[in-house]
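Just so it is clear, none of the values below were taken in a lab; they were calculated from the coordinates. All values derive from a computational prediction rather than experimental measurement. When we count neighbours, we look across all protein chains shown, and the Cβ atoms used for this are built from the backbone with ideal geometry, even at glycine.
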Amino acid sequence: MKIKTMQELLEARVVCCEENLDRQVYSACGCDLMSDVLAYVKDQAALLTGLVNPQVVRTAEMMDMICIIFVRSKQPSDEIIEMAREHGIVVMCTEKRLYDACGILYSNGLVGSATKVNR
């Protein structure tokens, strides 16, 4: 799914890196706990989160994610935007809740990634 399609489905506002909206995203991860994201499989993925701090960008960059979507109308700081811009990571904001945003993307064909769950 193209990032532009995600933006339209989520009625999201693009905050930075608009020039990358044509990039393809193959999976998504919805999470507020960055340690869980680190266990996530990296592969041209999008991160949906309500956590708004610089660690989100650092985690996305480490995991080769190409898009961050802040949910629940959360607004990233100038520091977060600049960090994302430096790495070419698209940042968007949507009013939708995390559960709803993930459901919309999933029901339109964007899958999560199969990961092994340790119990």
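Could you list, in sequence order, the residues of the stretch 43-78 that are out of contact with any Phe, Trp or Tyr (no Cβ under 7 Å at 6 or more places or on another chain) and among the polar types (S, T, N, Q)?
Selection gives N53, Q55, T59, S73, Q75, S77.
Only residues that are farther than 18 Å from L10 by Cβ and surrounded by 15 or more Cβ atoms within 10 Å (Cβ to Cβ): list them for the stretch 55-80, please. If you could, list the steps in order and put the result at the bottom.
Start the filter on the stretch 55-80 by keeping residues that are farther than 18 Å from L10 by Cβ, which leaves 55, 57-59, 61-64, 77-80.
Listed by number, the residues that qualify are V57, T59, E61, M63, I80.
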